[in-house]
Amino acid sequence: MPEPPPLPPLPEPPEPRGSESEPESTEPELESTEPAPPPPASSAVAYYENCDAARAAGAAPLFRGEPGYREALDRDGDGMACDPYVEP
């Protein structure tokens with residue numbers, strides 16, 4: 001049986017990323033196969049049918065940008081929905 005031909009030489013390995021003048025990062029590269037954790041509960045979306053529902057949930061007053069705030073609950077448009085009751 002004849003001998004097989006010799007294998008060609010291997011290619012040169014690629015140059016390392018970045019220049020050698022840059023210090024190597026001390027941060028380990030993170031390789032995770034686990035899914036990302038869910039967002040914190042505070043970023044959950046809240047919906048209140050009306051201000052009575054928001055008050056019953058202990059969420060009133062609601063401020064613009066907070067979960068549960070919507071313009072329909074902000075009567076005077078000042079950014080605070082379900083304003084506290086003011087006794088006359």
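The values are calculated or read from the model by the stated rules, or taken from the named source; none is laboratory data. This one's a predicted model, so the numbers in the text were calculated from it and none came from an experiment. Neighbour counts are summed over all protein chains in view; Cβ atoms, including those assigned to glycine, are modelled from backbone coordinates with ideal geometry.
Here are the numbers:
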{"read-out": "Residue match in region 60-82 (condition: at pLDDT below 80, part of a helix (DSSP H, G or I) and within 29 Å of the chain's Cα centre (by Cα))", "value": "no"}
{"read-out": "Ala53 assigned to a loop (DSSP other than H, G, I, E, B), out of contact with any Asp or Glu (no Cβ under 7 Å at 6 or more places or on another chain) and either modelled with pLDDT under 95 or surrounded by 11 or more Cβ atoms within 10 Å (Cβ to Cβ) (or both)", "value": "no"}
